[in-house]
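The values are calculated or read from the model by the stated rules, or taken from the named source; none is laboratory data. This one's a predicted model, so the numbers in the text were calculated from it and none came from an experiment. Positions of Cβ are generated from backbone atoms using ideal geometry, with glycine treated the same way; all protein chains shown enter the neighbour counts. What goes into the accessible areas is simple: the full protein's heavy atoms, side chains included, and nothing from ligands, DNA or RNA. Shrake-Rupley method; radii C 1.70, N 1.55, O 1.52, S 1.80 Å.
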Amino acid sequence: MSLVKIDVDADNVLSRQFTELERKNLPFAIVQAVNATAFEIRQVWARTAARVFDRPRAMTINAAQYTKATKQRLYATIFLRDEATGGTPPAKYLLHQVEGGARTRKPMERLLAARGALPAGMFAVAGKGADLDAHGNVRASTVNQVLSQLDARNDKYQNETAASRGRRRKRAAKRGTRGGEFFAIQARHGRLRPGIYERITTGYGSAVRSIFVFVRQPRYQKRFDIFGLAQRQWDKLMPFYFNRELAKALESSKYRGRP
């Protein structure tokens, strides 16, 4: 779904027959042309991601990778990175941007749902009171605190205990303010929509602010047309690179005195 294979049928590239000398040099020319085209497609994907998405992370911009063609394998593959350390890989979180359709649940949402904090069929989006990072996402530190306080971590030792909660509240009291008290509501309560909220207490009173709001499953239009981009670049670049590399190979053969 997020992979493009770049190969070439040499007889169709130039729509002509090749001489015997040209055919001897076809494998080299094909490998060089395919790899040059694959590299350009990867660069186009990166430039397009930087324009399509709002403040994308470096992982999103550099999500495209490729494997080179060789003489034994006369094709290259371009793909979206399908692994990430401690997070969701681009091949998964960009899928709905490439193909459109409904968004799947993120790891945080799955944990909240398993705990019963997130109602069935609902998804979590940033609330108006959320502290966002440079890329427009709720900060990872906030997400970790939410999961810990709501006892939603798979590892029980990462969840907040009564003792650690007491220490946190004591530190907040010394600062003269108390924040970071997260709670979830599954149904509308007065003016509060279903979601996750932070309770803040100061000397002037208390208030709540929305960190996540629960919504129905978001649906997306296709925004990142990697397949269309790849096809247009192939049509544009492959004949050029193939002609260039074949000419270079023929010149090298003549230099080496090959018949």
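Structure data summary
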{"read-out": "The chain: relative contact order in percent, alpha carbon pairs under 8 Å with at least 6 residues between", "value": "25"}
{"read-out": "Net charge of neighbours whose Cβ lies under 10 Å from the Cβ of D133, counting Lys and Arg as +1 and Asp and Glu as -1", "value": "+2"}
{"read-out": "Kyte-Doolittle mean at least -0.5 and Cα axial length at least 24 Å: DSSP H helices in the chain", "value": "20-52, 226-255"}
{"read-out": "Potential extension, R139-A187 segment - 0.36 nm per residue separation minus Cα distance", "value": "14.8 nm"}
{"read-out": "Choice from G180, G166, G205 showing the highest fluctuation, given a GNM over the chain with Cα pairs closer than 10 Å", "value": "G205"}
{"read-out": "Normalised contact order of segment 8-154, rounded percent, pairs of Cα under 8 Å and 6 or more residues apart", "value": "17"}
{"read-out": "Rg/Rg_globular for the chain, with Rg_globular taken as 2.2 N^0.38 Å and Rg from C-alpha atoms", "value": "1.49"}
{"read-out": "Radius of gyration and Dmax over the Cα atoms of segment 21-105, both given in Å", "value": "16.2, 56"}
{"read-out": "Cα shape, segment 42-180, gyration tensor, a/c 1.5 rule", "value": "prolate"}
{"read-out": "Lysine-lysine proximity count for the chain, Cα under 18 Å, sequence distance 8 or more or distinct chains", "value": "9"}
{"read-out": "D54 accessible area, assembled protein chains, probe 1.4 Å, Å²", "value": "110"}
{"read-out": "Within a Gaussian network of the chain (alpha carbon springs, distance under 10 Å), most fluctuating of L192, L150, L94", "value": "L192"}
{"read-out": "Estimated [θ] at 222 nm from DSSP helical runs (n ≥ 4, -39500 (n - 2.57)) normalised by residues in the chain, nearest 500", "value": "-13500 deg cm²/dmol"}
{"read-out": "Separation of the E20 and D235 label points, Cα + 7 Å toward Cβ, nm", "value": "3.8"}
{"read-out": "Separation in nanometres of the label points that stand 7 Å from Cα toward Cβ, at D151 and Q43", "value": "5.6"}
{"read-out": "Mean projection area, nm², convex hull over Cα of segment 129-247", "value": "13.8"}
{"read-out": "Percent carbon-and-sulfur accessible area, the chain, ignoring ligands, DNA and RNA, probe 1.4 Å", "value": "50"}
{"read-out": "For the chain, accessible area per residue (1.4 Å probe, heavy atoms of protein chains only), Å²", "value": "60"}
{"read-out": "Label-point separation in nm, K106 to Q65, each point 7 Å along Cα→Cβ", "value": "2.3"}
{"read-out": "Full-extension gain in nm, E99 to Y220, via 0.36 nm per residue minus C-alpha separation", "value": "42.7 nm"}
